[in-house]
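For reference, the structure is listed below as structure tokens.
The values are calculated or read from the model by the stated rules, or taken from the named source; none is laboratory data. Everything numeric in this text was worked out from a predicted model, so none of it was measured. Every residue, glycine as well, gets a Cβ built from its backbone with ideal geometry; the counts of neighbours run over all protein chains shown. These accessible areas exclude ligands, DNA and RNA; they are computed on the full protein's heavy atoms, side chains included. Shrake-Rupley method; radii C 1.70, N 1.55, O 1.52, S 1.80 Å.
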Amino acid sequence: MLKDYKKKRNFKQTPEPSTSQQSSCKDPLIFVIQKHSARQQHYDLRLEADGVLKSWAIPKEPSLNPKMKRLAVMVEDHPMDYSKFEGIIPEGQYGAGKVIIWDKGNYFPYNNGEYLFTNRSSAQEVIREGLINGKLSIYLEGEKLKGAWTLIRTKPDDKKWLLIKHRDEKTRR
Ligand code: MN
């Protein structure tokens with residue numbers, strides 16, 4: 001799953017991680033949003049699923065306003081260790097520019113005000129299905145972002161998704 005990630009990068013030149021460490025199997029799934037000051041500044045949303053970080057590049061800052069749909073372009077899977085990466089990708093390398101962690105925390109599959117989280121494997125099953133069907137409802141428990149969002153694919157087999165804040169949200173007990 002990390003073939004594309006590795007193919008795009010020269011690990012002698014970039015400080016980005018080449019390996020993936022699995023998180024312990026009891027922890028909830030993690031997410032990270034990195035602010036990436038590449039040629040075009042964007043935010044990279046990464047969700048842990050099946051041992052990798054599923055990733056979307058979002059040209060504009062994620063919004064708390066349900067009316068503000070954010071384009072989210074699916075990009076290659078990233079290794080788990082990328083969730084801790086901050087640094088400068090040198091000029092001439094893929095994605096050259098500064099990367100900082102903008103937000104991080106745990107995330108949970110979410111539906112109609114309910115967490116669908118009982119354990120990692122059932123959470124990942126829901127996520128896997130959502131990725132195939134092109135619709136993913138998630139609850140982000142970050143430092144900046146807290147609440148439910150939907151990621152929805154615009155067309156079958158397209159890389160373009162939309163990230164939309166839920167309005168029907170209940171707070172976590
Ligand atoms: Mn990026």
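Among the residues of region 70-82, are any open to solvent by 40 Å² or more (accessible area, probe 1.4 Å) and not in a strand (DSSP E or B)? Checked region 70-82: no residue is open to solvent by 40 Å² or more (accessible area, probe 1.4 Å) and not in a strand (DSSP E or B). Within the set Gly147, Gly105, Gly95, the sole residue that is part of a strand (DSSP E or B) and at pLDDT 95 or above turns out to be Gly105. Has region 1-14 got at least one residue that is open to solvent by 50 Å² or more (accessible area, probe 1.4 Å), in contact (Cβ under 8 Å) with a residue 24 or more places away in the chain and touching a Lys or Arg at 6+ places or on another chain (Cβ under 8 Å)? Looking for residues that are open to solvent by 50 Å² or more (accessible area, probe 1.4 Å), in contact (Cβ under 8 Å) with a residue 24 or more places away in the chain and touching a Lys or Arg at 6+ places or on another chain (Cβ under 8 Å), one finds none in region 1-14, hence no.
Between Gly134, Gly105, Gly97, Gly87, the distinction of being away from the ligand (no atom under 16 Å from the Cβ), farther than 12 Å from Leu29 by Cβ and of a type in the set (Gly, Ala, Ser) belongs to Gly134 only.
Of everything in region 15-71 that is of a type in the set (Val, Ile, Thr) and within 19 Å of Gly130 (Cβ to Cβ), the residue that is farthest from the ligand (Cβ to nearest atom) is Ile30. Any residue at all in region 45-58 that's within 27 Å of Ser122 (Cβ to Cβ) and in a loop (DSSP other than H, G, I, E, B)? The answer is yes; a qualifying residue exists.
In region 161-173, the residue that is modelled with the lowest pLDDT out of those that are surrounded by 13 or more Cβ atoms within 10 Å (Cβ to Cβ) and charged (D, E, K, R) is Lys170.
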